[in-house]
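The values are calculated or read from the model by the stated rules, or taken from the named source; none is laboratory data. Worth saying up front: this structure is predicted, and the values here are computed from it rather than measured. Don't worry about glycine lacking a Cβ; one is built from the backbone with ideal geometry, like all the others, and counts go over all protein chains shown.
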């Protein structure tokens, strides 16, 4: 998954149509502007009756790895295969930031925050089948070897 240059967002499928994306008008603060205002690797924004997870910092190619419960954002690697092979080592070596708590109502969709929720269905997007409930979300940048740098955004289901 890639963006056109801005942040990616992960929006619960049930409120996808509430995401307005970019209005293309500099005089109006739209959802894309709100996503761009998130500082750091991650942040939460209200989207309809739920929250969306902004993947900030840089517009890196991003994949979700369900076995590890992690979004992987590619900053540097010799190849996609090398980057994916380094994920477990990166997760062990990472200095994790403080976790956010994200209440998820069910499956979510990862897409470029410039698109509206409706447009995201026709654009490059990734559907992630998350179970409803609270999640601890934490992020870290890791360099598991000299050629590889990636940002990790890990999701861990909390009791409740």
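Summary of computed values
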| read-out | value |
| --- | --- |
| Enumeration of residues in region 120-139 that are part of a strand (DSSP E or B) and either out of contact with any helix residue (DSSP H, G or I) (no Cβ under 9 Å at 6 or more places or on another chain) or crowded, with 18+ Cβ neighbours inside 10 Å (or both) | 125, 126, 128, 133, 134, 135, 136, 137, 138, 139 |
| Residue satisfying condition, being within 14 Å of the chain's Cα centre (by Cα), on the phi < 0 side of the Ramachandran plot and touching a residue at least 12 places away in the same chain (Cβ under 8 Å), within set 52, 69 | 52 |
| Hits in region 81-118 (condition: within 19 Å of residue 50 (Cα to Cα) and in a helix (DSSP H, G or I)) | 117, 118 |
| Residue within region 7-14 that is farther than 16 Å from residue 136 by Cα, part of a helix (DSSP H, G or I), at pLDDT 95 or above and touching a strand residue (DSSP E or B) at 6+ places or on another chain (Cβ under 8 Å) present | yes |
| Residue 90 being surrounded by 15 or more Cβ atoms within 10 Å (Cβ to Cβ), in contact (Cβ under 8 Å) with a residue 40 or more places away in the chain and farther than 20 Å from residue 12 by Cα | yes |
| Residue check, residue 74 assigned to a strand (DSSP E or B) and at pLDDT below 85 | yes |
| Close pairs from region 22-35: first on the phi > 0 side of the Ramachandran plot and assigned to a loop (DSSP other than H, G, I, E, B), partner surrounded by 18 or more Cβ atoms within 10 Å (Cβ to Cβ) and modelled with pLDDT under 90, Cβ under 7 Å, at least 6 apart | none |
| Verdict on residue 117 being crowded, with 16+ Cβ neighbours inside 10 Å, modelled with pLDDT under 95, touching a strand residue (DSSP E or B) at 6+ places or on another chain (Cβ under 7 Å) and over 21 Å from residue 84 (Cβ atoms) | yes |
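Here's the yes/no breakdown for (1) within 19 Å of residue 137 (Cβ to Cβ); (2) surrounded by 15 or more Cβ atoms within 10 Å (Cβ to Cβ); (3) touching a strand residue (DSSP E or B) at 6+ places or on another chain (Cβ under 9 Å):
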position	(1), (2), (3)
22	no, yes, no
26	no, no, no
38	yes, yes, yes
102	yes, yes, yes
